[in-house]
Each structure stands twice: as structure tokens, then as C-alpha cells.
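Quick notes on the structure that follows.
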Amino acid sequence: MPLSKGLENVYVAETSISSIVDDTLTYVGYSIDNLMENDASFEEVIYLLWHLRLPNAKELKKFQEEIEANIEVSETIITSLRMQNHQNLHPMSVLRTTVSMLGVFDTESELEDGEAVYRKGLRLQAKMPTIVAAFSRIRRGLDPIAPKKGLSMAANFLYMLTGEEADELSVTAMNKALVLHADHEFNASTFTARVCVGTLSDVYSGVTAAIGALKGPLHGGANERVFDMLEDIAELENVRSYIGNKIDNKQKIMGFGHRVYRNGDPRAKYLQEMSQKVTAESGEEKWYLISKEVEQVVWELKHLHPNVDFYSASLYHALGIDHDLFTLVFSVSRVSGWLAHIYEQYRDNRLIRPRAIYVGPENREYQPVEKRL
């Protein structure tokens, strides 16, 4: 009986959403390079993942209007975010609870027809950046800022964080980051979402479960740990000794290596480019230079490539995002992929129920408690 720990190299379903073949990531047949080189918007990519084709101009305008119409959150949600603002609670736990609450207050939460499922997903996608931006401000003692009409999702997210419209470079960088993180085949959080809705549970439960999986440092939480590492290094001259010590002690270097890619994560180069530009523009170039040196030393000593988490850390820092909110920003993007896979799972559902190889004791007999040693 074959065993594959972590389901490595086990194929459990067919999908039309995204693929990773020969270290090339595609969304519905479009390579990530093609989308990046043509400056695809995050809204276009969401539509692509959900409808399995790019929208025409009329469809895109309508989709943007639908997102804009659902972007605000209720005062009940804002009050909940204020109540959850305390030191011992990880921000991803706040997001997990808040998404679950959205389901509680959605009057269509338990409706199972396809159109209702799509509407729930649309509302959730629209509200995610608003929730994250609102919590970012609340924890700094500031009032949330309402979204601004006419802005793209990337621009509106940065606006709701600061209250000021971001410059073109920052919006471009944020949009690219959202596109690059949107989907990634059957990663841990996506698979979690599909397992959950495979029981015919609701959309909000599926996304809540996915957020719980994304929280872990071996998945979305890695970018937060990358910046912790950069802060520990502190200065360029400390890189080689810090990385050498990590390797000598057989400790994991966050932001390097990948379960699927063997010759490098194709998304990393675009985040590196954006990190270089935005850190230079914002006066935070030190963190890019340290990152670049870490990349070189890790390659020399371990022959590992950076993954999508590595340069996103210095980029998000330069955009003014708190370090422990990095994974929440990941969620703002990845919910688009989660929802695409949830829709696909519903369309061709089969309960996901793997088996396990039992290795425990056998042929034991029950003894009354007084006879047990």
C-alpha cells in the first residue's frame, strides 16, 4: 500500500483554474509571465479565475461596478474588529473570525443554488480588503476609512490603509502582488477550502477554513517570518554569518525553497523588481539590499531559490503595511482563487475522504479498569 506523506505528488482532482507545469504557473492557460508583462489588473484576474476567460470591456466594467457596490462593511463588523483588537490575538485569527461573521449576517448564507453561491463569493471578495484595511487602522488607534469610488481594488486598498491616494508605482506594485498571489493550484489553503465545501458546507465555511490553513508559517505566514529574519539581520554585513549560523544549526530559512518548484518560483522575480523600485522610492532600500544579499548567500550555501514570500516581505514593508498583517494581504488576493476552486468543487463534487495506513498496536483486549496495571 503506497504512502505519500503530505500527499506529495498525489493527484486528487482535475481543475481548469491554474496549473504548475515545468516550473511555469498559469491561470486558465495564461502564464503568469504573460499576465505580468501585459499589466493585467487584479479585477481581470478574478474574473478570469471565476469565469475561465478574460472579460471584454463591457463585462469588466460591470464586474468592477459589482465589486464597488459590495465593498463596504457594516458597522457591526467594524465593532467586532474593535472588540478583537488585543495583543494576544493574531491578526489572521481576527480575519478568520470576521469572515465567519460575514456568513452569520448574510441572509443568503445557506442558499445552495449557483447564482446565490456566486453572489456570496462576490460580496466576500469585495469586502476582504476593506476588512484588512479597517483592522490595520483600528489597531493603530485610528478610525477606519470608507472606500473611495472609482479606484481599482489595489488603489482602494492602499487608500483605505492611509487615507491618501497612493502614487502610481505603489498601486502598480500592489496590483502585481495581488495578481501573483491570486491562485496556485492545490496549495494547502485551497485544498482545505475544497475539502470543506466538498461536504456541501457553505462558502463562508470554506473560506474560513482556508484562512486557518493560510495562517501557518509553512504557508502564507512565511512572509511575516521573512521580515522577522531581515530585522534580526539588521545590517548588510551581518547576512553571511546569520545565514551560515542558520544552516549550521539546521534551521529553516524562511522564504526559500518550494514543494513544487525545482528551478525557482516564477513569481519571485516580479516581486523582487517591485521591491527594488518601491523600497528605493520610499527610503527603505536597506531591506531590499539585505534581501538581495540573503538570496545570494543562500544560493551559494544551499542552492535554494527564493519563493513568492521572500521579496513580498520587503515590498509590503515599503508600502507601509504592518509586518503581522502580511498574511492578511495574501488573503485579500488568494480569496479569489479559493472562491474559484469552491465554485469548481460545487460544480463537480465528490466528498474528499482519503485513507490512512494504520501503524498502531493490534489485537488488544479490553480489561476492566480494576485489572489494568
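The values are calculated or read from the model by the stated rules, or taken from the named source; none is laboratory data. Because the structure is predicted, anything quoted here is derived from the model rather than measured. Here the Cβ is made from the backbone with ideal geometry for all residues, glycine too, and neighbour counts use every protein chain on show. Just so you know, the surface numbers come from the protein's heavy atoms only, side chains and all, with ligands and any DNA or RNA stripped out. Shrake-Rupley method; radii C 1.70, N 1.55, O 1.52, S 1.80 Å.
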Problem set entry | Pairs, first more than 26 Å from GLY163 (Cα to Cα) and surrounded by 24 or more Cβ atoms within 10 Å (Cβ to Cβ) in segment 304-324, second charged (D, E, K, R) and modelled with pLDDT of 95 or more, C-beta under 6 Å, six or more apart | PRO306/GLU295
Problem set entry | Breaking point among (1) outside the structural domain of ALA116 (by the TED database); (2) crowded, with 20+ Cβ neighbours inside 10 Å; (3) at pLDDT 95 or above, for ILE253 | (3)
Problem set entry | Filtered residues of segment 102-131 (kept if touching a Leu at 6+ places or on another chain (Cβ under 9 Å), open to solvent by 40 Å² or more (accessible area, probe 1.4 Å) and not in a helix (DSSP H, G or I)) | GLU112
Exercise. With (1) within 22 Å of TRP50 (Cβ to Cβ); (2) modelled with pLDDT under 95; (3) buried (at least 17 other Cβ atoms within 10 Å of the Cβ) as the list, and ARG139 as the residue in question, which single condition is left unmet?
Worked result: (1)
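Yes or no, residue by residue, for (1) open to solvent by less than 30 Å² (accessible area, probe 1.4 Å); (2) more than 13 Å from the chain's Cα centre (by Cα); (3) farther than 20 Å from TRP287 by Cβ; (4) modelled with pLDDT of 95 or more:
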{"position": "ALA182", "(1), (2), (3), (4)": "yes, no, yes, yes"}
{"position": "VAL197", "(1), (2), (3), (4)": "yes, yes, yes, yes"}
{"position": "VAL203", "(1), (2), (3), (4)": "yes, yes, yes, yes"}
{"position": "ALA210", "(1), (2), (3), (4)": "yes, no, yes, yes"}
{"position": "GLY221", "(1), (2), (3), (4)": "yes, no, no, no"}
{"position": "ASP228", "(1), (2), (3), (4)": "no, yes, no, no"}
{"position": "ASN238", "(1), (2), (3), (4)": "no, yes, no, yes"}
{"position": "ASP248", "(1), (2), (3), (4)": "no, yes, yes, no"}
Exercise. Where residues in segment 82-101 are within 15 Å of LEU328 (Cβ to Cβ) and of a type in the set (A, V, I, L, M, F, W, C), which of them is most open to solvent (accessible area, probe 1.4 Å)?
Worked result: LEU89
For this session: Hey, could you check segment 1-35 for residues that are within 20 Å of SER189 (Cβ to Cβ) and charged (D, E, K, R) and say which is modelled with the lowest pLDDT?
Result: GLU8
Problem set entry | Residues located in segment 63-76, provided they are open to solvent by 80 Å² or more (accessible area, probe 1.4 Å) and either closer than 15 Å to GLN125 by Cα or touching a Lys or Arg at 6+ places or on another chain (Cβ under 9 Å) (or both) | GLU65, ALA69, GLU72
For this session: Please list, ordered by first then second residue, the pairs with beta carbon atoms under 6 Å, 6 or more apart or interchain, first in segment 130-143 and more than 9 Å from THR98 (Cβ to Cβ), second at pLDDT 95 or above and among the charged types (D, E, K, R).
Result: ILE138/ARG82
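So that you can scan it fast, the table gives a plain yes or no per residue for (1) under 25 Å from MET92 (Cβ atoms); (2) in a loop (DSSP other than H, G, I, E, B); (3) at pLDDT 95 or above:
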position: SER291; (1), (2), (3): yes, no, yes
position: VAL297; (1), (2), (3): no, no, yes
position: PHE310; (1), (2), (3): yes, no, no
position: THR327; (1), (2), (3): yes, no, no
position: ILE342; (1), (2), (3): yes, no, yes
position: TYR346; (1), (2), (3): no, no, yes
Exercise. Condition test on LEU180, is it over 18 Å from TYR27 (Cβ atoms) and of a type outside the set (Val, Ile, Thr)?
Worked result: no
Exercise. Counting just the residues of segment 270-303 that are open to solvent by less than 10 Å² (accessible area, probe 1.4 Å) and small (Gly, Ala, Ser), which one comes out nearest to SER241 (Cα to Cα)?
Worked result: SER291
